[in-house]
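The block underneath contains the structure these notes are about, expressed in structure tokens.
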Amino acid sequence: MGGLTRRSLLSHGVALGGAAALGVPATAAAARGAPARRSAGTVLVLGGGIGGLTAAHELAERGFAVTVLERKELGGKARSIPVPGTGSGGRPDLPGEHGFRFFPGWYRNLPDTLRRIPFPGNRNGVHDNLVSGSVFRLSRMGTRFDLFVPLKLALPSLDPVLLLPALIALLDTGLRLPPWESAHFANRLVVYLTSGDERRLGQWERTAWWDFLGAGRMSQEYQRIFGIGFTRMLVAARAEEASTHTVGLFTEAFFNNLLGRGNDGPADRVLNAPTNEAWIDPWLAHLRSLGVRFETGAAERLHVSGGRISGVTVRTAAGSVHVSADHYISAVPAERSLALWGPEVLAADPRLRLVGELRTEWMNGLMFYLRRKLPLVHGHVSYLDTPWSLTSVSQAQFWRGGDLTRYGDGGVRDCLSVIISNWEAPGIVHGKPARFCTKQQLFDEVWAQLSASLEDTGEDLLRPADLHSWFLDPAITGLGSPGGAHSEEPLLINPVGSWALRPEAATAIPNLFLAADYVRNIVNLATMEGANEAGRLAANAVLDETGSSAPRARLFTLFRAPELRGLQEEDTRRYRAGLPNLFDQG
């Protein structure tokens with residue numbers, strides 16, 4: 001990705017001060033080997049994460065001349081982050097990451113995009129680089145044996161008459177819960193599954209998951225499993241604040257996935273190589289073949305004239321430039337959006353001010369590079385009792401070649417990739433929240449919390465002598481400073497009532513569109529799938545605004561069990577009448 005300079009902009013036909021149109025002339029595209037095509041209009045995408053790249057992909061396929069402007073690295077939070085200076089002997093640097101990539105089978109929009117990205121030797125493009133895990137490990141502290149869960153449920157149906165006893169039996173067998181608490185959680189799950197959309201958005205969106213579960217009157221084990229652990233590790237939010245609509249929707253999607261119903265593939269999937277190798281680099285190459293251009297620069301402020309976006313000020317290494325296009329797609333995260341839009345945009349579409357009320361938390365990765373393979377389970381591990389809500393995956397077992405010796409100095413054979421989801425709880429070694437630790441203290445804590453979970457029953461798994469090196473997501477800065485650390489790439493969360501704050505992909509400004517994970521979408525969660533759907537929604541909004549006859553980007557929906565449709569329709573009638581869900585026992 002080249003630096004954005006006045007010379008590069010002019011050579012590519014980019015508008016400076018309204019002097020020219022943004023886009024790649026057909027002759028220039030053909031000269032670079034890209035197919036010549038008639039431009040349906042010029043589009044400037046601000047932000048090169050999953051949402052922005054998806055919008056660029058859909059619009060480039062439909063004849064638009066697209067430029068993507070990214071201030072850091074293309075791929076956003078999904079990109080690989082090489083560990084600087086670790087490569088030797090002709091080997092590339094060790095691969096790092098913001099956090100391990102996870103592609104549950106209920107993702108459907110993103111897998112469709114992956115299939116459309118060519119990859120040498122793959123019939124289904126990048127999609128064939130997805131490999132599945134088979135077992136989920138729930139690791140406990142306190143001399144409790146870990147629970148290994150096969151990632152396929154043998155439940156007969158989602159008919160509540162059959163579902164309730166099956167769920168109670170499953171929970172009673174696998175977890176140390178009193179029978180009445182297992183029955184209560186099974187009931188709450190059935191209540192959500194049989195709720196219609198009006199109740200989900202009207203009641204459960206305004207109800208905290210903790211309250212929906214009745215966690216306050218249940219045992220600590222119930223609270224730990226279904227309240228604290230469930231929300232922190234899945235959505236990085238506190239159960240007392242997380243929207244039941246969001247957590248319930250996520251739970252429903254996974255539940256259907258485990259049953260093998262209406263999904264793209266198995267419940268637990270990862271890539272067979274570092275993210276850039278398996279996905280991002282091939283994607284960028286494909287987009288370039290479609291004529292998409294990538295430029296480096298920080299978009300600072302959008303400008304409005306005559307009710308439309310007239311341009312954007314972009315800061316580059318050489319100074320600031322003014323860039324213009326026919327259409328603009330804002331694909332920057334929520335925490336940076338208001339500063340980019342500025343008073344002119346917010347005056348033209350006052351509802352966008354609500355984006356400033358959306359909240360974020362941290363969910364960042366720490367990688368342990370090991371001298372031996374450590375396949376803890378053929379899938380992901382959730383460390384339920386850890387105060388920092390850790391999750392992990394052993395990478396080598398899924399990567400081509402089976403180890404990492406082709407990276408770094410050749411001495412690394414595995415990477416235990418760990419995500420820290422709670423940066424506010426005190427640790428077990430230094431008694432500090434993660435964000436107030438020094439870098440070394442952070443390492444000490446994560447290693448100790450993993451050991452306390454994995455080795456409390458006598459296993460010898462995390463041997464200090466096996467540790468080659470470790471790497472923390474560089475988005476975390478300022479560790480050990482008096483004010484605590486800062487995350488440059490936080491994660492959007494969905495507390496109670498947040499749906500009302502989120503905008504649609506089309507704004508009140510005719511040529512401004514949004515393609516970030518905060519845009520309202522069916523997934524309703526900050527995920528790669530949600531960002532991909534937002535990019536598709538933005539592309540379709542551009543097509544609608546321009547009156548294009550091109551086919552719209554396909555939008556996939558989450559699977560809904562057909563045997564529950566009648567109960568959901570009845571629930572909508574009950575909700576309109578002010579009555580509770582038929583199964584709601586409170």
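Taking Rh as the Kirkwood radius computed over C-alpha pairs, what is the Stokes-Einstein D of the stretch 329-382 at 37 °C in a medium of viscosity 0.692 mPa s, expressed in µm² per second? In µm²/s, the coefficient is 217.
In this structure Ser324 has an accessible area near 10 Å², from a 1.4 Å probe over the protein heavy atoms. Size check on the stretch 483-586: the Cα extents along the three principal axes, sorted descending, read 54, 46, 25 Å. Take Arg115, project a point 7 Å from its Cα along the Cβ direction, then tell me which residues of the stretch 537-580 have their backbone nitrogen under 19 Å from it. Those under the cut-off are 537, 551-560.
For the residue pairs Lys72/Lys373; Lys72/Lys152; Lys152/Lys373; Lys373/Lys439, the C-alpha atoms sit more than 30 angstrom apart in Lys72/Lys373; Lys72/Lys152. For trypsin sites (Lys or Arg not before Pro), the sites in the stretch 481-576 that DSSP calls loop and that have at most 12 other Cβ atoms within 10 Å are Arg554. Binning all Cα-Cα separations of the stretch 438-514 at 10 Å, short to long from zero, yields these whole-percent fractions: 13, 26, 24, 20, 12, 5, 0. The peptide list 263-274, 522-533, put in order of mean Cβ contacts within 10 Å with the highest first, becomes 522-533, 263-274. For the stretch 363-467, averaging the sequence separation of C-alpha pairs within contact (under 8 Å, six or more residues apart) and dividing by the residue count gives a relative contact order of 30 percent.
Directionally averaged projected area (the stretch 242-344, Cα convex hull): 11.2 nm².
Counting only Cβ charges, +1 for Lys and Arg and -1 for Asp and Glu, the dipole size of the chain around its Cα centre is about 1240 debye.
Rounded to the nearest 0.05, what FRET efficiency do Leu467 and Glu240 have when you use their Cβ-Cβ distance and R0 = 56 Å? Calculated transfer efficiency: 0.95. Divide the volume of the convex hull around the Cα atoms of the stretch 266-310 by the residue count and you get 193 Å³ per residue.
Each of Phe556, His378, Ala325 was placed along the dipole of the chain (beta-carbon charges, centred on the mean Cα), and the one lying farthest toward the positive end is Ala325.
In this label model, Gln585 and Arg554 are separated by 4.3 nm, measuring between points 7 Å along each Cα→Cβ vector. On the chain, 55 percent of the accessible area sits on carbon and sulfur atoms, based on a 1.4 Å probe.
All Cα-Cα separations within the stretch 196-303 were binned at 5 Å from zero, giving a P(r) of 2, 10, 12, 12, 12, 12, 11, 12, 9, 4, 2, 0, each value a whole percent of the pairs. Prolate is the label for the stretch 326-427, because the ratio a/c of its alpha-carbon gyration tensor axes (a ≥ b ≥ c) is 1.5 or higher and a/b is greater than b/c. Considering every Cα-Cα pair within the stretch 175-232, what fraction, in whole percent, is farther apart than 16 Å? Across the stretch 175-232, Cα pairs with separations above 16 Å total 44 percent. Averaging the sequence gap over all C-alpha pairs within less than 8 Å and six or more residues apart, then dividing by the number of residues, gives the chain a relative contact order of 22 percent. Judged by the gyration tensor of its Cα atoms, with axes a ≥ b ≥ c, the stretch 55-130 is prolate; a/c meets the 1.5 cut and a/b is the larger of a/b and b/c.
You can think of it this way: the chain between Asp409 and Glu488 has 25.5 nm of extra reach, that is 0.36 nm per residue less the Cα-Cα gap. Can you match P(r) over Cα pairs in 20 Å bins from 0, in percent to one of these, [x] 15, 41, 34, 8, 2, 0; [y] 20, 53, 26, 1; [z] 17, 39, 28, 15, 1, based on a calculation from the structure here? The listed entry that was calculated here is [y]. About the Cα centre, and with charges only on the beta carbon of Lys, Arg (+1) and Asp, Glu (-1), how big is the dipole of the stretch 202-312? Nearest 20 debye, please. It works out to roughly 200 debye. Rounded to the nearest whole Hz, the Karplus-based 3J(HN,Hα) values (6.51 cos²θ - 1.76 cosθ + 1.60, θ = phi - 60°) of the stretch 383-396 follow the sequence 9, 4, 8, 6, x, 9, 6, 7, 9, 8, 8, 8, 6, 4, with x at glycine and proline.
The values are calculated or read from the model by the stated rules, or taken from the named source; none is laboratory data. All values derive from a computational prediction rather than experimental measurement. Note that each Cβ is placed from the backbone with ideal geometry, even for glycine, and that neighbours are counted across all protein chains shown. Only protein heavy atoms, including side chains, enter the accessible area calculation; ligands, DNA and RNA are left aside. Shrake-Rupley method; radii C 1.70, N 1.55, O 1.52, S 1.80 Å.
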